[in-house]
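S.K.: A single structure is presented below for examination.
The values are calculated or read from the model by the stated rules, or taken from the named source; none is laboratory data. If you're wondering where the values come from, they're calculated on a predicted model, not measured in any experiment. Positions of Cβ are backbone-derived with ideal geometry, glycine not excepted, and every protein chain shown enters the neighbour counts.
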Amino acid sequence: MSTASLYFSGLSRPVMLAISFLTIGVFVLGLLYKFRIWGQGGTAWLEDPQDTGIMNFIKNILHNLTPSHGIKKFVMNGLLELREFKQSKFRWFMHMSIFWGFIMLFGLSFFMFIAEFTVSHEMYLTIRDSIHVAAFGDFFGFLLLAGIILAIFNRIYNKQTNRTSSAYDWTGLILLLVITVTGFIAEWARPAYFGFGASQELALFHSAISLIFIAIIPYTKLIHLIAAPITQLTYSFEEEEG
């Protein structure tokens, strides 16, 4: 098998595709389950209050997608969390670091995944090893790491948060920390950087836990990465009516 048909982790394209689709399937099922739960509330505006579940959730979002309030709240309080900023600068920076660090790194990984199938292997290597991709990944990687460290610090030393923390709260956070750290190590182990050996094994381990993490997001506390912005749409109508 040629190196062009292998990812840096050593997995072939068919295997990588199969694992990726399995990951997406588990993720989507979990997300639909959450949508069903979220859709069981806020039915007052519907013509048929019995229409709950996933369809109610989707209708609620579409109902609130208006420039007057829905989109504005989605951006200001969902993507930028300005409401949180007014309440606590520390929590705002912590949440923004984790949210945007994760989103941007996920976007970069998705971009590289698509590039693997759309450009030549030589071009893919050129893109992967470019200073721009490295700088982008390192910046948001360190931003994510800073947010995770602050979140761990908050859960340990904030008395109120510490009392209410459980294994459910810690699972996603610790897994995200391991993913971030192993991502840096796997990157620096490559010949293009420090090349200190075992780079392919490290990349494989990082890829494996990253896919596991994405699959279980809907089943952990990190579902808030998705829920926080969406909540601003699903509740904006109800807040206005209230």
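S.K.: Within 23 Å of residue 176 (Cβ to Cβ), in contact (Cβ under 8 Å) with a residue 24 or more places away in the chain and surrounded by fewer than 16 Cβ atoms within 10 Å (Cβ to Cβ) - does that describe any residue in the range 80-91?
M.R.: Residues of the range 80-91 that are within 23 Å of residue 176 (Cβ to Cβ), as a first pass: 80-81, 84-85, 88-91.
When the remaining residues are screened for being in contact (Cβ under 8 Å) with a residue 24 or more places away in the chain, the result is 81, 90-91.
From what's left, surrounded by fewer than 16 Cβ atoms within 10 Å (Cβ to Cβ): 90.
Yes, because at least one residue in the range 80-91 is within 23 Å of residue 176 (Cβ to Cβ), in contact (Cβ under 8 Å) with a residue 24 or more places away in the chain and surrounded by fewer than 16 Cβ atoms within 10 Å (Cβ to Cβ).
S.K.: Now for a different question. Kindly indicate which of 114, 148, 131 is among the hydrophobic types (A, V, I, L, M, F, W, C) and surrounded by 13 or more Cβ atoms within 10 Å (Cβ to Cβ).
M.R.: Working: 114 fails: surrounded by 13 or more Cβ atoms within 10 Å (Cβ to Cβ); 131 fails: surrounded by 13 or more Cβ atoms within 10 Å (Cβ to Cβ).
Being among the hydrophobic types (A, V, I, L, M, F, W, C) and surrounded by 13 or more Cβ atoms within 10 Å (Cβ to Cβ) holds for just one of 114, 148, 131, which is 148.
S.K.: Does the range 127-147 contain at least one residue that is touching a residue at least 40 places away in the same chain (Cβ under 8 Å) and either farther than 27 Å from residue 208 by Cβ or outside any helix (DSSP H, G or I) (or both)?
M.R.: Yes; the residues of the range 127-147 include at least one that is touching a residue at least 40 places away in the same chain (Cβ under 8 Å) and either farther than 27 Å from residue 208 by Cβ or outside any helix (DSSP H, G or I) (or both).
S.K.: Criterion first (acidic (Asp, Glu), surrounded by fewer than 15 Cβ atoms within 10 Å (Cβ to Cβ), within 25 Å of residue 190 (Cβ to Cβ) and at pLDDT 90 or above) does residue 138 satisfy it?
M.R.: Details: acidic (Asp, Glu): yes; surrounded by fewer than 15 Cβ atoms within 10 Å (Cβ to Cβ): yes; within 25 Å of residue 190 (Cβ to Cβ): yes; at pLDDT 90 or above: yes.
When the stated conditions are applied, residue 138 passes them.
S.K.: Given the conditions (1) under 26 Å from residue 226 (Cβ atoms); (2) charged (D, E, K, R); (3) buried (at least 17 other Cβ atoms within 10 Å of the Cβ), report the number of the one that residue 155 does not fulfil.
M.R.: Here residue 155 clears every test but (3).
S.K.: Scan the range 148-166 for residues that are modelled with pLDDT under 85 and within 17 Å of residue 92 (Cβ to Cβ) and report the count.
M.R.: 2
S.K.: Looking only at the range 92-119, filter to residues that are in contact (Cβ under 8 Å) with a residue 24 or more places away in the chain and of a type in the set (S, T, N, Q); which one of those is farthest from residue 194 (Cα to Cα)?
M.R.: 97
S.K.: Now, a different point. Which members of the range 176-197 meet the condition of being buried (at least 18 other Cβ atoms within 10 Å of the Cβ) and either under 14 Å from the mean Cα position of the chain (by Cα) or outside any helix (DSSP H, G or I) (or both)?
M.R.: Those that are buried (at least 18 other Cβ atoms within 10 Å of the Cβ) and either under 14 Å from the mean Cα position of the chain (by Cα) or outside any helix (DSSP H, G or I) (or both): 176, 179, 180.
S.K.: Here is a follow-up. Would you mind finding the one in 199, 207 that is of a type outside the set (A, V, I, L, M, F, W, C) and modelled with pLDDT of 75 or more?
M.R.: Details: 199 fails: modelled with pLDDT of 75 or more.
Criteria check complete, one pass: 207.
S.K.: So is residue 220 of a type in the set (Val, Ile, Thr), at pLDDT below 75 and buried (at least 16 other Cβ atoms within 10 Å of the Cβ) or not?
M.R.: Numbers: of a type in the set (Val, Ile, Thr): yes; at pLDDT below 75: no; buried (at least 16 other Cβ atoms within 10 Å of the Cβ): yes.
In short, no.
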